[in-house]
Structure formats: structure tokens, C-alpha cells
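What follows draws every value from the coordinates through simple rules; no lab data is involved. Note that the structure is a prediction, hence the values are computed from the model and not measured. Cβ atoms come from the backbone with ideal geometry, glycine included; neighbour counts cover every protein chain shown.
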Amino acid sequence: MAGLEDLYKEIIVDHYKNPRNRGTLPTPPAVEEQGTNPYCGDEVTLFVQVEDGVVAEVAVDGRGCSISQASLSMMSEAVKGKSVDEARVLIEDFKGMMTGDELAPADVMKQGELAALTGVRKFPDRIKCAILSWNTLGQALDKSED
Ligand code: ZN
């Protein structure tokens with residue numbers, strides 16, 4: 001029987017090999033934001049289209065390690081269709097899950113597939129890879145509200 005770590009690995013590999021929501025969106029109405037993680041060489045580009053306070057469309061592109069790109073793919077799925085406020089809560093929850101001292105099982109369950117990235121907590125350098133797309137999303141939401 002596959003253990004939890006194997007399952008987590010499978011989810012990450014799946015998102016890395018079959019990235020969701022790849023592409024671009026016209027700007028405007030979407031905003032474009034880029035993020036880089038110089039420690040690892042990861043790059044992400046986000047296109048976010050907010051309509052009536054809702055993240056109506058998300059398209060992403062990027063290159064880098066499997067953690068950064070899997071996180072980017074999962075993030076794009078997690079926030080699409082959410083309100084901007086909900087998306088901001090997700091960003092904080094995710095960053096809390098990755099950097100917090102303790103991992104509360106209930107909080108992790110709430111994260112669904114995103115919990116697969118908690119395996120990275122053991123490798124502090126890779127946490128930056130996992131958080132990159134989420135920080136960039138925060139910047140994109142700021143931009144869309146200007
Ligand atoms: Zn990386």
C-alpha cells in the first residue's frame with residue numbers, strides 16, 4: 001500500500017507533468033505578474049482576470065523545479081472561481097502551512113491536494129519554491145485592485 005509520502009509525490013509529479021491552466025490571457029482585462037526565485041532559478045508568470053471581485057480566469061506559465069511548477073499548477077486550480085478575499089485567505093493559509101512551526105492536521109486536510117507540498121517543509125530551501133507562485137498571486141491581486 002502506498003504511504004502518504006508516495007501519494008504526495010504522485011500528486012506533485014502529476015501537476016509537474018500535466019500543468020493545469022497553462023497559457024496567457026489578454027491584458028487588459030487580465031493583469032500579468034511575474035515572480036522569480038533566484039535561489040533555485042524558478043520563474044512563474046501569472047495572468048489573473050478579476051471580474052466583480054471574483055478570480056474569473058487564471059493562466060500561468062513558468063519554468064523551474066518540480067516543486068515550483070507543481071505549486072503553480074495547484075495554485076491556479078485552487079484560486080480559479082474564488083473571490084479575491086477567499087484567494088487572499090488561501091494565500092495566507094498556504095504560507096502558514098508551509099512555514100508555520102506546527103502542522104495542524106485539520107488545517108492540512110482543508111488544503112486538499114495542496115497538502116502534497118507539505119513534504120517540502122523538511123527542506124527549507126525548497127519552501128521558497130513552493131511559495132513563489134503564491135507570493136506572485138498576491139502581487140497580481142494587488143495589481144488588479146489598483
Ligand atoms: Zn525551485
I need the Kirkwood Rh of the range 94-146: take the reciprocal of the average 1/r across all distinct C-alpha pairs and report it in angstrom.
11.9 Å
Report, ordered by chain and residue number, the aspartates and glutamates lying within cross-link reach of LYS80, taken as a straight Cα distance under 14 Å and ignoring same-chain residues fewer than 8 apart.
GLU51, ASP52, GLU57
Which chymotrypsin sites (Phe, Trp or Tyr not before Pro) in the range 12-85 pass both tests, a DSSP loop state and at most 13 other beta-carbon atoms within 10 Å?
TYR39
Calculated from DSSP helices alone, with each H run of at least 4 adding -39500 (n - 2.57) and the total divided by the residues of the chain, [θ]222 nm to the nearest 500 comes to -15500 deg cm²/dmol
Distance (nanometres) between label positions extended 7 Å along Cα→Cβ at VAL108 and ARG20
2.1 nm
Just report the Cα centroid separation between the range 1-79 and the range 102-123, whole Å.
17 Å
Send over the Kirkwood Rh of the chain, from the inverse of the averaged 1/r over different Cα pairs, rounded to one decimal Å.
15.2 Å
Please work out the Kirkwood hydrodynamic radius for the range 56-111, using every pair of different C-alpha atoms, and report it in angstroms with one decimal place.
12.4 Å
Magnitude of the Cβ-charge dipole (Lys and Arg +1, Asp and Glu -1) of the range 29-102 about the Cα centre, nearest 20 debye, reported as 180 debye
Once Lys and Arg get +1 and Asp and Glu get -1 on their Cβ, which of CYS40, LEU72, THR24 lies farthest toward the positive end of the dipole of the chain?
CYS40
